[in-house]
C-alpha cells in the first residue's frame, strides 16, 4: 500500500539511494576487457539485489536489469504518498507494452521477451485486453484510444498510426491527471518539456519526409506548453527561421537552442540529446527537495538511467563497438 507520509518516503529513498551506481563504477564496468569481466564488475557493486543465483549464473544481463527495475518500481509504488502522480512516470512502460502486444497479435507472433514489467497497469491486464480486444478495464483515455485503433485496423493496418495514437493516449492521460490534481510544479514542467521536445522531433521528421500537415497532426502529443498549432503551421517555414517560430512559452528557449543546433549540424540526435539533458536537469534540481515528490521521482528515474546506461555498455561490448560512458542521474 502507498504511504501517506512524504517524510517516511523520502527517508526510505535516501537509504536506497546510497546503493545507486556512481559514474566511477560505471566507468570501471565500461573499461572491463570482456563481457564476463564487465558482468563481474557490475555484480561487485551489489547491483543485482534479490536476483536468483540461477539467473546470475546465466549471466543474462538484460533479465537482471529488468528484475532490478521491477523491484525498484514496486518499492516506489509502496513508498509514495501519491501513487497517481508517480504512476505517470511508469506509463512509458505501458505504452511500450501496448504497442508490442498489438504488433505481436497482428503479426501472429509472441510478444514474450519484448514485454517489460513495472508499468502503471498490470502486464496480465494488458495482455488480456489486447488479446480479447476488451479495453473497458483501462482508464477512459486508453479505452477510447484502443477501441478506435481496433476499429481502424478493420479498415487496414497502419503501424505508424496506431503507434502514434498510443503515444497520444499516454500524454492525454498525463495532461488529464495533472489538471485534475492542479499540478504546477516540477512534474508538470517535466512532462510539458518532454511533450514539446517530442513534438519538435516530429515536426523535423515530418519536414524531412515530406509529410502533409494531417500526418504531422497525427503524431503530435498533448501536455506541452507550445500550442500544437505552432507545429502544424511551420511545416514550410525556412529552416533558419524555425527556431524563432518555436521560441514561445516556458520551454521555447530550450526548444529554440536545440533546433538551432540541429540546423547547424543536420543531426536529429542533437534534439534528442538536448531533450534528455533538459529533462535530467529538472530532476536534478528537484531530487533534494524534501517538500516535494522530487526525491521519490529522482530515485525512480536514477534507476531508469542506470538501466539505460548498462544496456548501452553491454550492448557495445557484445557488439564489439565503442561507446561513450552514459550519463547517470546522481
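Things worth noting here:
- Hypothetical label at residue 152: residues of the stretch 76-96 whose amide nitrogen lies under 20 Å (7 Å Cα-Cβ projection): 92-96
- Cα shape, the stretch 140-258, gyration tensor, a/c 1.5 rule: oblate
- Mean-square fluctuations from a GNM of the chain, with a 10 angstrom spring cutoff on Cα atoms, peak among 68, 25, 264 at 264.
- Stretching residue 289 away from residue 213 to a fully extended chain increases their span by 23.1 nm, per 0.36 nm per residue minus the current alpha-carbon distance.
- Ellipticity estimate at 222 nm from DSSP helix runs (n ≥ 4, -39,500 (n - 2.57)) divided over the chain, nearest 500: -21500 deg cm²/dmol
- Residue ranges 192-200, 129-137 sort as 192-200, 129-137 when ordered by packing (mean number of other C-beta atoms within 10 Å per residue, highest first).
- For the stretch 59-92, the residues whose backbone nitrogen is under 20 Å from a point 7 Å from the Cα of residue 45, taken along Cα to Cβ, are 59-76.
- Where labels lie 7 Å past Cα in the beta-carbon direction, separation of residue 27 and residue 261 in nm: 2.2 nm
- Inter-label distance for residue 240 and residue 327, nm, one decimal - labels placed 7 Å from Cα along Cα-to-Cβ: 3.0 nm
- Using a Gaussian network model of the chain in which every pair of alpha carbons under 10 angstrom is joined by a spring, one finds that among 151, 223, 175 the greatest mean-square fluctuation is at 151.
- When the convex hull of its Cα atoms is projected in every direction, mean area for the stretch 83-183 (nm²): 6.2 nm²
- Shape call, the stretch 226-330: gyration tensor on alpha carbons, a/c limit 1.5: oblate
- Here Cα extents along the principal axes in Å was calculated from the structure, and among (i) 68, 35, 32; (ii) 55, 48, 46; (iii) 55, 43, 40 it sits at label (ii).
- Between 118, 315, 252, the GNM of the chain built on Cα springs shorter than 10 angstrom shows 315 fluctuating the most.
Rule-based calculations on the coordinates, nothing more; no lab input. Being a predicted model, the structure only gives us computed values, none of them experimental. Every residue, glycine as well, gets a Cβ built from its backbone with ideal geometry; the counts of neighbours run over all protein chains shown.
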